[in-house]
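Peer 1: Handing you this structure, nothing more for now.
The values are calculated or read from the model by the stated rules, or taken from the named source; none is laboratory data. Quantities reported herein were computed from a predicted structural model and do not represent experimental measurements. Here the Cβ positions follow ideal geometry from the backbone for every residue, glycine too, while neighbour counts run over all protein chains shown. Keep in mind that these areas ignore ligands, DNA and RNA; they rest on the heavy atoms of the full protein, side chains included. Shrake-Rupley method; radii C 1.70, N 1.55, O 1.52, S 1.80 Å.
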Amino acid sequence: GAVVSQHPSWVICKSGTSVKIECRSLDFQATTMFWYRQFPKQSLMLMATSNEGSKATYEQGVEKDKFLINHASLTLSTLTVTSAHPEDSSFYICSAGTGGTDTQYFGPGTRLTVL
Amino acid sequence: GNSVTQMEGPVTLSEEAFLTINCTYTATGYPSLFWYVQYPGEGLQLLLKATKADDKGSNKGFEATYRKETTSFHLEKGSVQVSDSAVYFCALSPGGGNKLTFGTGTQLKVEL
């Protein structure tokens, strides 16, 4: 149980285009979803927290207009990287949590490469 | 603010060796503490957790004890296997919350 999927697993795009990444909780309802960014050989950096049906809360220094997060249902959250540039190339990871617990379940991540 | 410091890697051990990965934290209140593992090409998986002082989390032969007096949560395993090769992340979440703060991760490589 507690499986989180991400799609796509990897994506290559041209500079200036937008890319959407999906995060789904497959066998549970996720009241909260988190989006992280992981640089090579570094830790995960929390980008934003989203609760179903409400606006995401972004961490300091994360551009909310560039990284659009939508959490439309209890099983789906999306991250859209708008007008992507090479510096946005990274590994993006989502996680999902259920109410009343501090455990998060992580997706396998999405490798984004912007040319 | 909250922070997690863990020993730098990579750590290279022979199979059946004893493993310790140090982790210390700074937090207000009473955080929950976690160890996550990331196998090559996979997402993070919860390895073990502890929610209050003196609790011991354990799983798959790994264990860690929540030491409030030393603000530490060191990961140990008595006999590592090649299949334990992965990156290990120490993390905390504040009491009553679920926002995780991660350490930088420690890469473990176990050789025959």
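Peer 1: So, in the range B:65-91, how many residues would count as being small (Gly, Ala, Ser), in contact with a Gly (Cβ under 9 Å, 6 or more places away or on another chain) and over 16 Å from B:PHE102 (Cα atoms)?
Peer 2: Our first condition is that a residue be small (Gly, Ala, Ser); within the range B:65-91, this holds for B:72, B:78-79, B:83, B:85-86, B:91.
Going one step further and asking which of them are in contact with a Gly (Cβ under 9 Å, 6 or more places away or on another chain), we end up with B:78-79, B:91.
If we keep only those that are over 16 Å from B:PHE102 (Cα atoms) as well, we get B:78-79.
Of the residues in the range B:65-91, 2 are small (Gly, Ala, Ser), in contact with a Gly (Cβ under 9 Å, 6 or more places away or on another chain) and over 16 Å from B:PHE102 (Cα atoms).
Condition check ((1) free of Cβ contacts under 8 Å to residues at least 40 places away in the same chain; (2) assigned to a strand (DSSP E or B); (3) within 14 Å of chain A (Cβ to nearest Cβ); (4) surrounded by fewer than 17 Cβ atoms within 10 Å (Cβ to Cβ)) across all residues:
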site: B:THR20; (1), (2), (3), (4): no, yes, no, yes
site: B:GLY29; (1), (2), (3), (4): no, no, yes, yes
site: B:VAL37; (1), (2), (3), (4): no, yes, yes, no
site: B:PHE89; (1), (2), (3), (4): no, yes, yes, no
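Condition check ((1) without any contact (Cβ under 8 Å) to a residue 60 or more places away in the chain; (2) open to solvent by less than 60 Å² (accessible area, probe 1.4 Å)) across all residues:
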site: A:CYS13; (1), (2): no, yes
site: A:LYS20; (1), (2): no, no
site: A:PHE28; (1), (2): no, yes
site: A:GLN38; (1), (2): no, yes
site: A:LYS55; (1), (2): yes, no
site: A:VAL62; (1), (2): yes, yes
site: A:LEU68; (1), (2): yes, no
site: A:LEU76; (1), (2): yes, yes
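Peer 1: Applying the selection to the range A:39-83, what residues are more than 11 Å from chain B (Cβ to nearest Cβ), closer than 17 Å to A:SER25 by Cα and of a type in the set (Val, Ile, Thr)?
Peer 2: Answer for the range A:39-83, where residues must be more than 11 Å from chain B (Cβ to nearest Cβ), closer than 17 Å to A:SER25 by Cα and of a type in the set (Val, Ile, Thr): A:ILE69, A:THR75, A:THR78.
Peer 1: Something else about it: Quickly run through the range A:79-90 and pick out the residues that are in contact with a Leu (Cβ under 8 Å, 6 or more places away or on another chain) and either open to solvent by less than 30 Å² (accessible area, probe 1.4 Å) or over 18 Å from A:LEU44 (Cα atoms) (or both). Give the steps one after another, and end with the answer.
Peer 2: Just the residues of the range A:79-90 that are in contact with a Leu (Cβ under 8 Å, 6 or more places away or on another chain), to begin with: A:79-82, A:84, A:86, A:88-90.
Listed by number, the residues that qualify are A:LEU79, A:THR80, A:VAL81, A:THR82, A:ALA84, A:PRO86, A:ASP88, A:SER90.
Peer 1: Still on this structure, I have one more. Which members of the range A:91-115 meet the condition of being in a strand (DSSP E or B), open to solvent by less than 30 Å² (accessible area, probe 1.4 Å) and either of a type in the set (Gly, Ala, Ser) or within 25 Å of B:ALA50 (Cα to Cα) (or both)?
Peer 2: Result: A:ILE93, A:CYS94, A:SER95, A:ALA96, A:GLY97, A:GLN104, A:PHE106.
Peer 1: Among the residues of the range B:61-81, is there at least one that is of a type in the set (D, E, K, R), open to solvent by 10 Å² or more (accessible area, probe 1.4 Å) and within 10 Å of chain A (Cβ to nearest Cβ)? Show your work before the answer.
Peer 2: Within the range B:61-81, the first condition is being of a type in the set (D, E, K, R), and the residues that meet it are B:63, B:67-69, B:76-77.
Pick out the ones that are also open to solvent by 10 Å² or more (accessible area, probe 1.4 Å) and you get B:63, B:67-69, B:76-77.
Narrowing further to those that are within 10 Å of chain A (Cβ to nearest Cβ): none.
Among the residues of the range B:61-81, not one is of a type in the set (D, E, K, R), open to solvent by 10 Å² or more (accessible area, probe 1.4 Å) and within 10 Å of chain A (Cβ to nearest Cβ), which makes the answer no.
Peer 1: State whether the residues of the range B:12-33 include one that is of a type in the set (Asp, Glu) and touching a helix residue (DSSP H, G or I) at 6+ places or on another chain (Cβ under 7 Å).
Peer 2: Checking the range B:12-33: at least one residue is of a type in the set (Asp, Glu) and touching a helix residue (DSSP H, G or I) at 6+ places or on another chain (Cβ under 7 Å).
Peer 1: Further question on the same structure: Within the range A:1-44, how many residues are more than 12 Å from the chain's Cα centre (by Cα) and among the hydrophobic types (A, V, I, L, M, F, W, C)?
Peer 2: Result for the range A:1-44: 10.
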